[in-house]
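A short worksheet on the structure shown next.
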Amino acid sequence: MRILLKSKIHNALVNQAIVNYEGSISIPLKILEEADIMEGEQVHIWNVTNGNRLTTYAIVSEDDRTISVNGAAAKLCFPGDTIIIAAYGIYTEEEAKRHKAKILILNNRNEIIKKYLFPEGSQK
């Protein structure tokens, strides 16, 4: 078995950070669907702005542009920060040979401006 990158959302802009929340990161449904990330799925957050890294789970945002880091994670990511959100999967050797991760690039309004598959970089 191999653990490989399954999905990556690059250039996401944190709009909210809510400490008094049970946890998670809120991501717009369209982005979750395009990235193949399920609600409740474990995700890694890499804060490009300050270098913090953390693990949490994804939930659906209340609107189509807001990315909100919640709970204790809100002490590590702040409104205006640029983050990368990644999810990994476990694959058999045969699955791993064929696997392509879904990569999304967002603009500063959290809109998808590019998507491709990795490692080949072929357009989806």
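The values are calculated or read from the model by the stated rules, or taken from the named source; none is laboratory data. A quick note: this is a predicted structure, and the numbers were derived from the prediction, not measured. As a convention, Cβ positions derive from the backbone with ideal geometry for all residues, glycine included, and neighbour counts pool all protein chains shown.
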Output the residues belonging to region 82-101 that are of a type outside the set (A, V, I, L, M) and either part of a strand (DSSP E or B) or closer than 17 Å to residue 58 by Cβ (or both).
82, 88, 89, 91
Name the residues in region 35-63 that are over 25 Å from residue 90 (Cα atoms) and hydrophobic (A, V, I, L, M, F, W, C), would you?
48
When you go through (1) surrounded by fewer than 16 Cβ atoms within 10 Å (Cβ to Cβ); (2) of a type in the set (A, V, I, L, M, F, W, C); (3) more than 19 Å from residue 89 (Cα to Cα) one by one for residue 69, which number turns out not to apply?
(1)
The listed residue being within 16 Å of residue 5 (Cα to Cα) and basic (Lys, Arg), out of 30, 75, 100:
100
Which of the residues that make up region 89-124 are surrounded by fewer than 17 Cβ atoms within 10 Å (Cβ to Cβ), within 25 Å of residue 66 (Cβ to Cβ) and not β-branched (Val, Ile, Thr)?
107, 108, 109, 111, 114, 115, 116, 124
All positions within region 1-25 that are small (Gly, Ala, Ser) and more than 30 Å from residue 92 (Cα to Cα):
12, 17, 23
Scope region 74-85; condition surrounded by 19 or more Cβ atoms within 10 Å (Cβ to Cβ) and in contact with a Phe, Trp or Tyr (Cβ under 9 Å, 6 or more places away or on another chain); matching residues:
74, 83, 85
Test result for residue 62, at pLDDT below 95, under 17 Å from residue 26 (Cβ atoms) and assigned to a loop (DSSP other than H, G, I, E, B)
yes
For region 102-118, what are the residues that are in contact (Cβ under 8 Å) with a residue 12 or more places away in the chain, touching a strand residue (DSSP E or B) at 6+ places or on another chain (Cβ under 6 Å) and assigned to a strand (DSSP E or B)?
102, 103, 104, 105, 106, 112, 115, 116, 118
